[in-house]
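Take a look at the structure set out below.
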Amino acid sequence: MTAPAFPWIQLTDGELTSGMPIPGTLPMAIRNRLEHLREIVYDPDTMTAAVAHDHDGVNSGLIWWPSPNLIPGASLNRSTLGFGQSDWEAKNSVTTDQYSLTGGAFLNAEGEYLYTALGGGDNSSRDDLQSDEAFGGGAPMVVSIYAKVKSTAGPPINEGAIAFGLASGSTADFLPGCKGLIDWTDLATTHKRFWLRCKIGDVSDPVGMLIKCTEKSDAPMVLDCPMVTLGTSLSYWMPMPNDDTHRNMLKVSTFVPIWDEMKSITSAIRVPAR
Amino acid sequence: MTAPRYPWIAQADADFGADDSLTELKIRTLNHNLDHVQDSLYDRATHIPKRLHDHDGINSALIQMPSPNLVERASLSTESDGLGGEWSKFNATFGTYTGDAGAALGTVEGAYISKPLMNADLNTDECIRTGARFTVSMFVKQPTPAGPGATGKINFGITDNSVSTFLTGCKGVILESLLTATYQRFYFSCLTPDISDRAYFLARVTPACGSDIRIDCVSVTLGPVLGWWHPADYDPAHYLYKLISQNVPCWDYAIGMTDVTRLVPS
């Protein structure tokens with residue numbers, strides 16, 4: 001940044017005491033202070049910001065671009081769940097639909113869950129990625145998921161809830177501060193996107209995404225297009241690069257508004273990380 | 001952000017009447033307000049902006065990183081239009097990627113190239129609904145420039161499964177008279193209206209140009225920001241930059257990023 005032509009002049013309260021005459025230099029000092037600030041704020045010739053900061057981490061705060069999606073098979077439908085080999089570990093009662101129909105995974109019984117390791121792998125020991133080494137002392141992550149109810153016919157007696165977030169070596173418990181809750185009353189018959197920001201601590205087991213029904217509901221809750229990215233910013237849902245099931249959006253559930261700016265970005269619902 | 005040394009204190013016009021005296025309080029408040037602004041703006045010692053905002057959407061406005069390219073086979077040559085090629089076209093020919101690549105069209109009114117975003121499994125109608133923010137770009141040249149008096153135009157942008165009509169506000173117009181013998185990159189950002197069909201990329205010539213133009217390395221990405229041109233993530237024709245048109249300056253910083261021509265969509 002170029003130094004301003006008018007250096008900053010510090011005026012102390014002592015120079016501005018009542019009873020003292022206003023010296024001729026005071027108005028000019030105040031004028032110069034304004035000129036200084038204007039030079040900092042913008043170039044008067046071009047009306048552009050004078051501080052050409054580009055968030056490179058040196059001239060201004062680093063922007064952490066979101067990583068690609070760390071979840072393989074992240075569009076939840078019969079192409080990714082329910083036909084033998086799958087990146088997802090599911091409690092048996094979880095059902096799905098075809099990607100070209102409603103898509104999504106249906107959960108409504110307490111304890112039902114879906115789990116997948118971040119980064120994929122061969123699933124032999126949950127994952128090839130040794131998360132404790134990969135994450136060291138912890139990593140900031142953004143976790144998101146689309147959710148809706150399959151039907152709202154009749155007032156349900158049991159209004160369920162879904163928890164989503166990150167777990168490590170468990171399909172029962174979430175990592176501290178890495179769980180979000182979606183209540184039945186938050187949902188509609190069209191998808192909304194929910195997300196949270198968290199930082200995982202030091203972990204000794206591989207980390208994965210866990211989606212779990214925590215309260216029974218009479219009608220299924222439909223979950224789809226989960227995403228976990230490194231960093232702090234929410235971004236558009238995309239399949240994991242090299243995701244063979246979803247290469248270039250193949251077999252992605254067609255009723256999820258993944259390119260809808262309002263539903264996916266500007267009006268996405270941030271939930272507290274618990 | 002560290003709190004400024006002094007809180008901001010609003011001063012009304014009435015405090016500075018022509019007949020009012022300049023009191024100690026007034027001048028001190030003015031002085032403290034200047035300190036407040038300076039403290040908020042930057043670190044005096046380093047001249048670095050003080051507020052460590054990182055545009056994460058919470059401490060400051062979200063910067064939407066461009067998505068991967070949503071156009072498969074986006075480097076235009078006989079290789080990308082070959083087996084399984086999904087480009088539809090009218091009076092357009094594709095060159096060889098090692099030679100005079102790109103899609104050549106222009107001398108026939110209505111000549112076009114068109115392609116659905118991503119693939120046929122994706123129902124883009126449902127993806128978008130209340131509107132998608134796209135940034136659309138392509139490289140264009142005219143090997144024999146027609147010059148300032150030329151009247152041809154190239155329209156490009158997003159359609160809903162049409163090869164003639166663009167979605168409202170999603171069309172960029174390139175004047176033939178702007179074209180040179182070397183590639184320039186043109187782009188615009190748009191928000192789609194609600195659509196009822198699949199979203200397509202379309203480039204169409206109307207009215208016709210005096211000589212062929214060449215279009216190459218098209219890109220449609222999510223978000224309002226222009227990014228470098230890249231093939232789609234898992235592009236069957238361009239996996240790891242395979243068979244990319246070799247004479248397009250897609251990694252040229254000036255041509256590809258800083259000197260690009262931004263168009264106002266219509």
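Summary of computed values
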item	result
Segment residue A:31-residue A:110, length gained on full extension (0.36 nm per residue, minus Cα span)	21.6 nm
Paramagnetic reach from residue A:157 (point 7 Å along Cα→Cβ, amide N under 11 Å) across region A:184-227	A:218
Which of B:32, B:238 has the fewest Cβ neighbours within 10 Å, and the rest in rising order	B:32, B:238
Region B:143-197: C-alpha pair distances exceeding 17 Å, %	47
Semi-axes of the equivalent ellipsoid for region B:111-266, Cα gyration tensor, largest first, Å	24, 19, 14
Whether chain B is rounded, prolate or oblate, judged on the alpha carbon gyration tensor where a/c under 1.5 counts as rounded	prolate
Per-residue [θ]222 nm for chain B (sum of -39500 (n - 2.57) over DSSP H runs n ≥ 4, rounded to 500)	-2500 deg cm²/dmol
Cα-projected label distance for residue B:175 with residue B:264, points at 7 Å along beta-carbon direction, nm	1.3
Gain on full stretching of the segment that runs from residue A:38 to residue A:270 - 0.36 nm per residue minus C-alpha separation	79.8 nm
Shape metrics for region A:232-273, restricted to C-alpha atoms - Rg then Dmax, Å	12.1, 33
Label-point separation in nm, residue B:86 to residue B:194, each point 7 Å along Cα→Cβ	2.6
Region A:138-198 and region B:114-171: distance between their alpha carbon centers, rounded to Å	37
Cα-based equivalent ellipsoid of the protein assembly as shown: semi-axis lengths in Å, sorted from largest, via gyration tensor	46, 38, 21
Fluctuation leader among B:136, B:220, B:173 - chain B, Gaussian network, Cα springs under 10 angstrom	B:173
Whichever lysines have a C-alpha closer than 24 Å to that of residue A:212, once near sequence neighbours (fewer than 8 apart) are set aside	A:91, A:148, A:150, A:179, A:192, A:199, A:251, A:263
Gaussian network model of chain B, springs between alpha carbon atoms under 10 Å - residue of B:11, B:38, B:246 with greatest fluctuation	B:11
Computed label-point distance, nm, for sites residue A:186 and residue A:8 using a 7 Å Cα→Cβ extension	4.3
Alpha carbon convex hull of region A:163-274, volume per residue in cubic angstrom	128
In degrees, nearest ten, helix B:24-41 long axis to first principal axis of chain B (Cα)	30
Modelled FRET efficiency - R0 51 Å, residue A:215 with residue A:56, Cβ distances, 0.05 increments	0.65
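Read-outs: derived from the displayed coordinates by stated rules, not from any lab. Since this is a predicted model, take the numbers as computed values, not measurements. Here Cβ is always computed from backbone atoms with ideal geometry, including for glycine, and neighbour counts include all displayed protein chains.
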